[in-house]
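The values are calculated or read from the model by the stated rules, or taken from the named source; none is laboratory data. It should be emphasised that the depicted structure is a prediction, and the values quoted were computed from it without experimental measurement. Cβ sites come from the backbone with ideal geometry, for glycine too, and all protein chains shown count toward neighbours. For accessibility, only protein heavy atoms count, side chains too; no ligands or nucleic acids. Shrake-Rupley method; radii C 1.70, N 1.55, O 1.52, S 1.80 Å.
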Amino acid sequence: MIIDVHAHLFSWDIPSRPYWQDSAKVLAAMFRKPEQLIVDRMPRLWDTTGEKLVADMDTAGIDKAVLLAIDYMPGGISTPFDLEEQHKVYVKAAERYPDRLLVFAGVDPRRPAAVGFVEKAAKEWHVKGIKIHPCCGFYPNEPCAYRLFDRCQELGLVVLTHTGPEIGPMYSKYAQPMYLDEVAKDFPALNIIMAHAGMTGYEEAAMLCSVNPNLYVDLASWQKMYLAFPEADFYQRIKVLLNLGGRNRVMFGSDWPILTRMHVGHTAWTAVFKEARQRAAKFGIEFSQEEVDGILGENAARLLGLKSG
Ligand SMILES: [Zn+2]
């Protein structure tokens, strides 16, 4: 079974217009392109029903994907969109494809009603976990996040948190894996996924997994790492994650549709892991079939309580 633990559905209003405006500004400056050009291209990413995502999953041979809602509140300022509306789009998509899509709620812990929102998401929408985005301006080991984790631990929800660099007006400093060491120890029954495995901070993320049995990593956006490093170095990094972090705690993710549509397609990205044994062997790097199966889906199936096979 192949499970993508990190995907999104987007539109102008999901997660919010300011999110797309801010992204366009940064990308235009980065790639020295007119901002309008970036804005004009954005609708290529839109999917509010799950139809495009599931079609891509079919092509790539992916069985299930976890949809992560995003509560975009840079600087703690709530943006003018309805968090509940966004979640309803995600929940509807999951109802449309009940065997294929799962939902994690997205909520900023600084919202006064955050805990109640998570309770509602668990009871009414049957979400399997929550996603938080510390780069919006809070540390995951702050009291506001702790009250949320407390409830997640009681409800048996998984917490997925962004780790690694992020574009402005968000700040990367909040997303260093190290802050999760304290969280993992203070909430021993809470399972925490470090999304993106800290990116270049992957060694720190892997070391933290080696001392905290409830920490996991996902490989969403590692398409960037795949393009940046020679293939041998890329597989060596995956090996480090497995050797240090444990072979049961590294999970496949795509960040669909962001990177899959722009750089490495869903099918090519899935093949990087499906064919890892043969491809890495060329460089003298060995993966066991168990390790490959674990990354592709068995680890996520176990964590999310899904039937594997
Ligand atoms: Zn993402």
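Considered as a group, the residues in segment 209-221 that are part of a loop (DSSP other than H, G, I, E, B) and either on the phi > 0 side of the Ramachandran plot or touching an Asp or Glu at 6+ places or on another chain (Cβ under 9 Å) (or both) include one that is surrounded by the fewest Cβ atoms within 10 Å (Cβ to Cβ), and that residue is Asn212.
One line per residue, one yes/no per condition, for (1) of a type outside the set (Phe, Trp, Tyr); (2) in contact with an Asp or Glu (Cβ under 8 Å, 6 or more places away or on another chain); (3) more than 16 Å from the ligand (Cβ to nearest atom); (4) open to solvent by less than 20 Å² (accessible area, probe 1.4 Å):
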| site | (1), (2), (3), (4) |
| --- | --- |
| Tyr19 | no, no, no, no |
| Lys25 | yes, yes, yes, no |
| Phe31 | no, no, yes, no |
| Glu35 | yes, no, yes, no |
| Glu51 | yes, no, yes, no |
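The set of residues from segment 153-167 being away from the ligand (no atom under 13 Å from the Cβ) and either assigned to a helix (DSSP H, G or I) or touching a Gly at 6+ places or on another chain (Cβ under 8 Å) (or both) comprises Gln153, Glu154, Leu155, Leu157, Val158, Val159.
Just the residues that are open to solvent by less than 10 Å² (accessible area, probe 1.4 Å) and either more than 16 Å from the ligand (Cβ to nearest atom) or part of a loop (DSSP other than H, G, I, E, B) (or both), please, taken from segment 58-69. Before you say what the answer is, go through the steps one by one.
Going residue by residue through segment 58-69, those that are open to solvent by less than 10 Å² (accessible area, probe 1.4 Å) are 60, 62, 65-69.
Correct list: Ala60, Ile62, Ala69.
In segment 232-248, how many are in contact with a helix residue (DSSP H, G or I) (Cβ under 7 Å, 6 or more places away or on another chain) and either part of a strand (DSSP E or B) or open to solvent by 40 Å² or more (accessible area, probe 1.4 Å) (or both)? The total comes to 4.
Of the residues making up segment 185-208, those that are open to solvent by 60 Å² or more (accessible area, probe 1.4 Å) and touching a Lys or Arg at 6+ places or on another chain (Cβ under 8 Å) number 0. For segment 128-176, filtering for residues that are open to solvent by 30 Å² or more (accessible area, probe 1.4 Å), among the hydrophobic types (A, V, I, L, M, F, W, C) and touching a Ser or Thr at 6+ places or on another chain (Cβ under 9 Å) leaves 1.
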